[in-house]
Amino acid sequence: MKKIVFCLCLFFGFNLSVQSQRGLPIQVEDSKIQPLRSLRNTILQDNLEQELNSKPEWRRLISQKKMSVGIVDLSNPSEVKYASVNGNHMMYAASLPKIAILLSAMDAIEKGELKETPDVKSDMRLMISKSDNQASTRMIDRLGYKKIESVMTDPKYKFYDEHDGGGLWVGKRYASGGATNREPLKNLSHAATVNQVCRYYYLLAHGKLVNEKRSKQMLDIMGNPDLHHKFVSTIEKIAPAAMLFRKSGSWQTYHSDSILVWGNENRRYILVALIDDSHGEQIIRDLVKPIESVLKKKSNQNSIAFN
């Protein structure tokens, strides 16, 4: 009996240790959580543009506004840095905007508008981890387009801002047929901008989506993705111990990915990419190492500046 109790204590102690090591949501004073645009960093921005433009194909796609990239450096919680290219350019994003459904569901559950049943919990996980279209459609039908729109345009978040390039939007079921509610700027059914997706992950990482409890639930749902392509394919090779929280999407030439990487202190960042190109999936895989190089270069430059 004593042995069983000891093992249980060890197990729970280990789990508590893991949770504390995770460091998520990030614990900082509310005053440190600034609007992401105010955290734009000149050094990081210059390095990002230089790295992306060094590849002719990427430079062409960026100039045609067929490639958008955003990064948020979380390595120092007290000094978050942000940079993006074509950050406010809204594109069709396929399944990536399912994160808007997830937030809307959590908001509805918190307000008592949606019951947190086993089926709902299962569908939220399937929708994100496996990008299951049937589960996503069931969640849309439970919530309704107006609920999703109201959360995306809520002044608390403004993840879709008609006066600032648009943003995250879900206005069509992930199935054939049914009514639609397309966004007003470009008539897109499933849309995103890099800026707004980066903001989503930034607030999620700080426990500010709905509240800390719901943010933790969302992190659990978005963690340990079952699809191992795009960003995940590369990061799992170069940083197998890092925790990954992500959502991606693909349809025809449109490829997108978004991820929160939480590894050691030097590998903590948000990366988002939206690409309209037949080689978009491979481009997204190839983005990870250059982006990590940009983050490392920024760190080295800051060290030199302080010496």
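Quick notes
- Hits in the range 227-241 - residues which are closer than 12 Å to SER129 by Cα and either in contact with a Cys (Cβ under 8 Å, 6 or more places away or on another chain) or open to solvent by 70 Å² or more (accessible area, probe 1.4 Å) (or both): HIS228
- Annotation: of all residues in the range 154-173 being open to solvent by 70 Å² or more (accessible area, probe 1.4 Å) and either under 19 Å from the mean Cα position of the chain (by Cα) or in contact (Cβ under 8 Å) with a residue 12 or more places away in the chain (or both), the one that is farthest from ARG199 (Cα to Cα) is GLU162.
- Taking the range 1-86 and the helices (runs of 4 or more DSSP H) fully enclosed by it, the elements with 1 or more residues that are at pLDDT 95 or above, open to solvent by less than 90 Å² (accessible area, probe 1.4 Å) and in contact with a helix residue (DSSP H, G or I) (Cβ under 8 Å, 6 or more places away or on another chain) are at 42-53, 56-63.
- Among residues of the range 174-193 that are in contact (Cβ under 8 Å) with a residue 60 or more places away in the chain, those with a Cβ under 8 angstrom from a residue that is acidic (Asp, Glu) and surrounded by fewer than 19 Cβ atoms within 10 Å (Cβ to Cβ), sequence gap 6+ or separate chain, pair up as LEU185/GLU162.
- When residues of the range 207-226 are limited to those that are assigned to a loop (DSSP other than H, G, I, E, B) and open to solvent by 10 Å² or more (accessible area, probe 1.4 Å), the one nearest to VAL69 (Cα to Cα): PRO225
- Verdict on SER95 being in contact (Cβ under 8 Å) with a residue 12 or more places away in the chain, out of contact with any Ser or Thr (no Cβ under 9 Å at 6 or more places or on another chain) and assigned to a loop (DSSP other than H, G, I, E, B): no
- Hey, THR137 among the β-branched types (Val, Ile, Thr), free of Cβ contacts under 8 Å to residues at least 60 places away in the same chain and not in a helix (DSSP H, G or I) or not: no
The values are calculated or read from the model by the stated rules, or taken from the named source; none is laboratory data. Remember, predicted model here, so these are calculated numbers, not experimental data. Counting neighbours? That spans all protein chains shown, and the Cβs are built from the backbone with ideal geometry, glycine included. Ligands, DNA and RNA are stripped out before the accessible areas are found, and what is left, the full protein with its side chains, is counted by its heavy atoms. Shrake-Rupley method; radii C 1.70, N 1.55, O 1.52, S 1.80 Å.
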